[in-house]
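These notes are about the structure you will find just below.
The values are calculated or read from the model by the stated rules, or taken from the named source; none is laboratory data. Remember, it's a predicted structure, so these values are computed and weren't measured experimentally. Glycine gets a Cβ as well: all are built from the backbone with ideal geometry, and neighbour counts include every protein chain shown. Keep in mind that these areas ignore ligands, DNA and RNA; they rest on the heavy atoms of the full protein, side chains included. Shrake-Rupley method; radii C 1.70, N 1.55, O 1.52, S 1.80 Å.
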Amino acid sequence: MATIKDIAQIAGVSIATVSRVLNYDTTLSVSDETKKRIFEVAEELSYKKKPVRKQESGKIALLQWYTEKEELEDLYYMSIRLGVENQCRQHGIQVDKYFQDNYGDLKDDDIQGLIAIGKFSRKQVNDLVKITKNIVFVDTSPDEDRFDSIVIDFERATKKVLDHFIQKGHERIGYIGGREVFKDKTSMIEDPREMTFKRYLAEKGLPNEDYMYVGNFTADDGHALMKRAIHEQGDQLPTAFFAGNDSLAVGALRALLEEGISVPDRVNIIGVNDISISKYVFPSLSTVKVYTEIMGETAVDTLLERIAGRKTAKKIFIATELIIRNSSF
C-alpha cells in the first residue's frame, strides 16, 4: 500500500503537508493547486497499474458536474473522473474535460460521445442530447430507457452500515449527511442515504430523527454538524454515526477528537466511498467502499459500445463493500 511518504515524494511537498491536507486541516494555508496535486497523487497510487491496450482513435468529452474547487471537497467525483481518464489512456482515446464553470464551452466538435459525471436536471440532460446522442451518465440515471448509466445502490450500502451497527449492539445511531441541488437550481435532489437511514431504522424500531444532522457533503460541514450534535445531545450523543460520505466523516472525526470524545470507544463512525484519504486519517476510517475506478472504467467501455452501434440502454450497478478500520468496531 502507498504511504504518505510516497505521496509527498511524487507531489513534491513535505510529509507534514500531505498529512494535514489529507486530514482537511483548516489551519493549513496551501493553494488549491497543491491540494489538487496531493489528492490526485493519492488516488493514482491507489489504482492498480494495467498494461496499455490496443490503441484506438477518437475523442470523447468528459463533463464533471462540479467545479474544480468543489471537486476538492468531495473526492468521490474526482476519483470517478480519474478512473475515466485512466481508462481512456488505456484505449488511446483523447479526452476533452469540462467542469461546471466551463460547461457552456462544451460543443459537438468532433466528439464521438460524452461521459457525464454527477447529477443533471431534465433541462441539462436535454441540452446534452443536442450535443451528442452517445451519453453515459455516472452516479445518476436520468432516464434508464434512453441513456446508459453507471450507478451505486446507496440504499443497499446504507443498510449494510446500519445492520453492522445494530449487530454490534448500538441503539442510538446518528446520521451526518448532505443534500445537493441541481446546478441550474431547478430543484433539490433526494438523497437515498438519508431516506433509507430514516425508513430502515423506523422498521427496526430504532427511529430518532433528533439524531440526524444534514448540511453539505464537505469536511467543513461534517465538522460543524458533529459539533452541533455533541453540544445538543450531551450524554445522549449516539454511540454510532453513519456519515453520508467520507469527507463528512473526516470532518466529524476531527470534531470528536477536538471535544475529547474517544473514537471508537465512545463513538463509532462509518462513512461512504473509501476515497484514498480514508486510510490516512486518524483513526483510519471505516467506510463503504465504492469502486470508483471501476465506475470510470465501465463508463468508458459502455460508451465505446454505444459508439459502436448498440441501441438498447444499459443501467449498470457497481457493488459496494463494507470496510472496517479503526473508527468503528
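A few notes on this one:
- Pairwise Cα separations in segment 128-241 fall into 10 Å bins from 0 onward with the following percentages, short to long: 12, 35, 31, 15, 6, 1.
- Selection from Ser276, Ile294, His231 lying farthest towards where the dipole of segment 186-329 points positive, charges on Cβ: Ile294
- Members of Lys36/Lys119; Lys35/Lys289; Lys168/Lys204 lying beyond 20 Å, as alpha-carbon distances in this model show: Lys36/Lys119; Lys35/Lys289
- Per-residue SASA remark: Arg37, around 90 Å² accessible (1.4 Å probe; ligands, DNA and RNA not included).
- Relative contact order computed over segment 196-302 (Cα-Cα under 8 Å; 6+ residues apart), in percent: 21
- Short-range pairs are left out: with C-alpha atoms under 8 Å and at least six residues apart, the relative contact order of the chain is 20 percent.
- Signed unit charges on C-beta, dipole axis of segment 1-127, positive-most listed residue Val13, Ser121, His91: His91
- For Met1, Met195, Met212, Met78, the ranking by accessible surface with the largest value first comes to Met1, Met195, Met212, Met78, using a 1.4 Å probe.
- Ranking His170, His231 from most to least accessible surface, computed with a 1.4 Å probe over the protein chains only, gives His231, His170.
- Nonpolar atom fraction for the chain, defined as the carbon and sulfur part of the 1.4 Å probe accessible area, stands at 48 percent.
- The modelled label-to-label distance for the pair Val151/Asp25, using points 7 Å beyond Cα in the direction of Cβ, is 4.1 nm.
- Choice from Thr17, Thr292, Thr26 showing the highest fluctuation, given a GNM over the chain with Cα pairs closer than 10 Å: Thr26
- Taking Cβ atoms as reference points and 14 Å as the exclusive limit, the residues near Lys198 contribute a net charge of -2, counting Lys and Arg as +1 and Asp and Glu as -1.
- Heavy-atom SASA rank of Asp127, Asp148 (probe 1.4 Å, accessible area, largest first): Asp127, Asp148
- By a 1.4 Å probe calculation restricted to protein chains, Glu321 has an accessible surface near 80 Å², given to the nearest 10.
- Check: the chain dipole with +1 on Lys, Arg Cβ and -1 on Asp, Glu Cβ, in debye: 760
- Distance from the C-alpha centroid of segment 278-329 to that of segment 194-232: 24 Å, rounded to the whole angstrom.
- Å² of accessible area per residue within segment 240-329, as computed with a 1.4 Å probe and no ligands counted: 33
- With 23 Å as the limit, the listed pairs Lys59/Lys130; Lys130/Lys183; Lys198/Lys279; Lys160/Lys314; Lys130/Lys185; Lys5/Lys227 have Lys198/Lys279; Lys160/Lys314; Lys5/Lys227 beyond it between alpha carbons.
- Of the two radii for the chain, the radius of gyration is 0.98 times the Kirkwood radius, both from the alpha carbons; that is the Rg over Rh value.
- Dividing the summed -39500 (n - 2.57) terms of all DSSP H runs of n ≥ 4 by the residue count of the chain sets its mean residue ellipticity at 222 nm at -12500 deg cm²/dmol.
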